[in-house]
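The values are calculated or read from the model by the stated rules, or taken from the named source; none is laboratory data. Everything numeric in this text was worked out from a predicted model, so none of it was measured. Quick reminder, even Gly has a Cβ in these numbers, built from the backbone with ideal geometry, and neighbours come from all protein chains shown. Areas reflect the complete protein model, heavy atoms only, side chains present, ligands, DNA and RNA absent. Shrake-Rupley method; radii C 1.70, N 1.55, O 1.52, S 1.80 Å.
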Amino acid sequence: MSRTVTFGNEDEGPFYIQHIHRSGSFERTQHMHDMYELYYLYEGERMYFIRDRSYLILPGDLVLINRRELHATSDSDKLGHARVVINFSDSILENTKETAPFLLDAFTHDTPVLRLDLPTRRLVEDMLGKLIHEAKEPAMGQSFAMTHFLIELLLFTARFVRIHPVTSPEHVSPLHRKISTIVRFINTHFAEPMRLEELAERFEISSAYLSRMFKEITGFSLVEYVNLVRVQEAQRLLATTRLKVIVIAEQVGFGSLVQFGRVFRQMTKMTPLRYRQSAVLQ
């Protein structure tokens, strides 16, 4: 059972917010999208895989996820939670790029999790409360107001990471730490052939156990994760270079142009050439 306030389209942007209370288990979700994401947990606990490791998210944690960053959420041992998630695109901040280029600084910080003390939680919840209130019913200037309140929240995050020493929370367990080490290896060697058996031997873990625990902790199968990292790099190259698609396919580790095109379409819902065209238009 859940209670929800939702505004906007999660997949299309340019602005989406959802505030939800869930009383039981919630199926794991995985994402990689072109929008920035803010996630705040009011109640309960969640597991969150971001970049190269998993985090136990607690009440008062503010999570910041950069564009095209792989992330997945799942249940912890404690079921039921209340959270708000905000997704927004670059276009929302188009008019602030020159006057406030620092608004997105927190999204490139070393750790994506800001663990807030009680007074700071109240401050953040007040800002989120104004966004949620605006999202409930259409009103004159609704989009303007929500953009204004989002900028207020982003300014807070930029100041917070600049003023406060933010340290990454401890790994949930030694196994989580090992999987994180394996993920970091994949993130830097994705262009090379990547076989389960070879990874298992390198990190001294059985193939079956690695396969099962990688999926359980990250939310992605090993093959799925490797392909996602390759597609992520391909997106960057398509958007920032004039390299031919076949060259990009080879550089990111795909064995053939056909395989690259099929996997790219599965994960982005468009062809590589269409993605390049859309990136140029942005």
Site residue 163, offset 7 angstrom along Cα→Cβ, radius 16 Å on amide nitrogen, limited to the stretch 137-155, gives 152-155
Apply the Karplus curve 6.51 cos²θ - 1.76 cosθ + 1.60, θ = phi - 60°, to the phi angles in the stretch 56-69 and return the couplings in whole Hz, x for Gly and Pro.
8, 8, 10, x, x, 8, 10, 10, 10, 10, 6, 4, 6, 8
What distance in nm separates the two pseudo spin-label positions at residue 274 and residue 21, each 7 Å out from Cα along the beta-carbon direction?
4.1
HN-Hα J in Hz across the stretch 140-147 - Karplus 6.51, -1.76, 1.60, θ = phi - 60°, x for Gly and Pro:
4, x, 4, 5, 4, 5, 5, 5
Computed ³J(HN,Hα) along the stretch 230-235: with the Karplus parameters 6.51/-1.76/1.60, θ = phi - 60°, integer Hz and x for glycine or proline, the list is 5, 5, 4, 5, 4, 4
Contour minus Cα-Cα distance for residue 243 and residue 97 (0.36 nm per residue)
49.7 nm
Quick check for me: using +1 on Lys/Arg Cβ and -1 on Asp/Glu Cβ, what's the dipole size of the chain about its Cα centre, in debye to the nearest 20?
460
Just the accessible area per residue of the chain, please: how many Å² with a 1.4 Å probe?
52
